[in-house]
1. Please give the calculated 222 nm ellipticity per residue for the chain, where each DSSP H segment of at least 4 residues contributes -39500 (n - 2.57) and the sum is spread over every residue; nearest 500 deg cm²/dmol?
2. Suppose every K and R has +1 on its Cβ and every D and E has -1 on its Cβ; what is the size of the dipole of the chain about the Cα centre, in Debye to the nearest 20?
3. So for region 12-57, taking the charge dipole from beta-carbon charges (+1 Lys/Arg, -1 Asp/Glu), which of ALA32, GLN14, ASN43 sits furthest toward the positive end?
4. Sequence gap at least 6, Cα distance under 8 Å: using those rules, report the relative contact order of the chain to the nearest whole percent.
5. Can you list the HN-Hα couplings for region 30-39, worked out from phi with the Karplus curve (6.51, -1.76, 1.60; θ = phi - 60°), rounded to whole Hz and with x for Gly and Pro?
6. Taking the highest mean first, how do the peptides 10-17, 54-61, 43-50 order by number of other beta carbon atoms within 10 angstrom per residue?
Amino acid sequence: MSATATPALLNKAQLAEAIGVCPRQINVMMTARQIPVIRLSRNLVRFDLEKVLAALAVFEQPAIGGRA
């Protein structure tokens, strides 16, 4: 795997960096069930970036009255 390739599953820190939030916000989004999570054990979680981005797309709001 090359240095620029994205791994299939990301940990919290990698996901936080990929979507531009702090790792604590990942915990908040997990607790609120806003993002899908793969629990491998009680303390080991991983994320599929494509599925997380699709889940977050639901929260996107279009601009109103702005110029294009």
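1. Details: 3 runs with 26 residues, N = 68.
Using -39500 (n - 2.57) per qualifying helix, the result is -10500 deg cm²/dmol.
2. 260 debye
3. Farthest towards the positive end: ASN43.
4. 29 percent
5. For region 30-39, the Karplus curve yields 5, 4, 7, 6, 8, 10, x, 10, 10, 8 Hz.
6. On the way: 10-17: 17.0, 54-61: 9.2, 43-50: 14.5.
With the highest mean Cβ count within 10 Å placed first, the list reads 10-17, 43-50, 54-61.
Just so you know, all these numbers are worked out from the coordinates, no wet-lab data involved. Source: prediction; values computed, not measured. Glycine gets a Cβ as well: all are built from the backbone with ideal geometry, and neighbour counts include every protein chain shown.
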